[in-house]
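Notes follow once the structure below has been shown.
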């Protein structure tokens, strides 16, 4: 009887510990192991690099979550900020406010922005998500600004990334690369083919940002148009 009682106690503790966890996912819903490093690669000349991490409340109750930024190594002359709980924090701020996440819900509000400002090299920044009773999960983001490893060649490939976050309800981000001396635009149109937004891409590479809060929920498409021709299209879901 005593042995069974002890087993039940340890099982209960194990369930509680398991329930008091956060899970981190990439933009494409791949689980990030605790403490793992994800990499964002681009050229030193790019305006901005963005890392997107989803945070899931893997408990049976509502939690309050903060995000702490920890510098492991920063390339001199660069700048960065991170966004959490509907607020963006500049490079000099290392602890965010709290975001309330209900049980089983995935938060899409985290974004880490990094500006190389022409400086080559890799910066390593740790982002630690901590819930109100002390449990936490963290990830290291490597912002790699380099002209090597084929990155320079990729800048001559006309392409756009999948929009993120996706589904989206407010701000959307898309990475792009276009050829030199090209007239490039990004068009967002609804399922009926009506163009809802059109954005001129004035640089050869970078990140375009737009707000979809004014568009109804539904399926949309983001197309890269080069010299009047569509070269790439990705689907975007808006869910308010």
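Odds and ends about this structure:
- The selection criterion, being at pLDDT 95 or above, within 20 Å of residue 165 (Cβ to Cβ) and touching a strand residue (DSSP E or B) at 6+ places or on another chain (Cβ under 9 Å), holds for residue 65.
- Strands (runs of 3 or more DSSP E) lying entirely in the range 60-153 (those with 3 or more residues that are outside the structural domain of residue 173 (by TED's automatic domain parsing), in contact (Cβ under 8 Å) with a residue 60 or more places away in the chain and within 24 Å of residue 36 (Cβ to Cβ)): 63-73, 111-115, 121-131, 136-145
- Candidate set from the range 202-234 (those that are in a loop (DSSP other than H, G, I, E, B) and at pLDDT 85 or above); member that is surrounded by the fewest Cβ atoms within 10 Å (Cβ to Cβ): 214
- Residue that is modelled with the highest pLDDT [pool: residues in the range 15-59 that are under 14 Å from the mean Cα position of the chain (by Cα) and assigned to a loop (DSSP other than H, G, I, E, B)]: 53
The values are calculated or read from the model by the stated rules, or taken from the named source; none is laboratory data. Fair warning: this is a prediction, and the values are worked out from it, not measured in the lab. Here the Cβ is made from the backbone with ideal geometry for all residues, glycine too, and neighbour counts use every protein chain on show.
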